[in-house]
Structure formats: C-alpha cells, structure tokens
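Single-structure report; data block below.
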Amino acid sequence: MKKLFLIIFAFTISTFSAQELTDEHKKMLKYDDTSSFSTLVNKENINACYPIENISYSLLALAIKMNSSKVFQKLIDEKADLEKICDGKTPLMFAAKYGNLNIAKKLLENGAKKETKTEKGYNALDYAKKYDQKEIITLLE
C-alpha cells in the first residue's frame, strides 16, 4: 500500500512540477522573436523547467541552447533566475557546454556565479573543459 501511494505521489508531483513548452514558446525561441514574449512569459513560467527529450531546460537555458539572443536578453531584462538549475545545470553551465562566449559573458555581468556546482561537484569551467570550449575556459579561469 505504501509503495502504491509513493508511486501515485511521485506521478502527481512530476505532472504538476514539469511545465509543458507550447508551440508558441518553441517558435519564439526558434525564430528569436520577442513580439509575443509578454503574452508567453510570466512570473509563473519564467523559471520553470521544461522537459525536452529526457532533459529539462529553463527558458534561459533554451535561449542559450538555441542561440536566441533577443529572447535571452529579454529573459535577463525580466530577471530570470541566473542560478536556476534544470537537469542539474545552471544557465552558465549550459552556455559553457554549448560554447556561447557572449552569453557566458552576459550571464557573468548580470550576476551568474561561476563557482556554482552540480550535485556531482561540477561547475561551469568543468563543462567548458569537457566540451573543449577554449574561449569559455579562458573566461572562467
């Protein structure tokens, strides 16, 4: 009985804690179009984690991954959480992984912490080294 309760509880939590990325969100990120930003992004979802292919991303991390510079800047302007952890990584770790030097610089300028570590003890510099992102390694050292 306890096992059944735990399974139901875990399913309920995962259903309500994970947000669904809408087609409109996807288009905004894909085309780096901020015209509908204010209708798509709000206090409830700006820092949510969105599951995509077994990895979860914040909107900030998705903007980094998709190199959506206008959406990224709008999220910074709207005070998206620079330390939000989705899939065990902060936005700076995603920037280091994907090799986006300009975004990494902007994250640091806006208060992202390069010393933040994952549960396994990795930081953004470790991701830059793992993915051989030389410019970001230099920035973070």
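Overview of results
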{"item": "Residues within region 62-89 that are touching a Lys or Arg at 6+ places or on another chain (Cβ under 7 Å) and either among the acidic types (D, E) or surrounded by 19 or more Cβ atoms within 10 Å (Cβ to Cβ) (or both), tallied", "result": "2"}
{"item": "Candidate set from region 33-50 (those that are of a type outside the set (S, T, N, Q) and touching a helix residue (DSSP H, G or I) at 6+ places or on another chain (Cβ under 9 Å)); member that is surrounded by the fewest Cβ atoms within 10 Å (Cβ to Cβ)", "result": "D33"}
{"item": "Hits in region 69-84 (condition: farther than 16 Å from N45 by Cβ and in a loop (DSSP other than H, G, I, E, B))", "result": "L82, E83"}
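None of the figures in this text is laboratory data; all of them are computed from the coordinates on show. Only a predicted model underlies this, so the values are computations on that prediction, with no experimental measurement involved. Methodologically, a virtual Cβ is constructed for each residue, glycine included, from the backbone with ideal geometry; neighbour enumeration extends over all protein chains shown.
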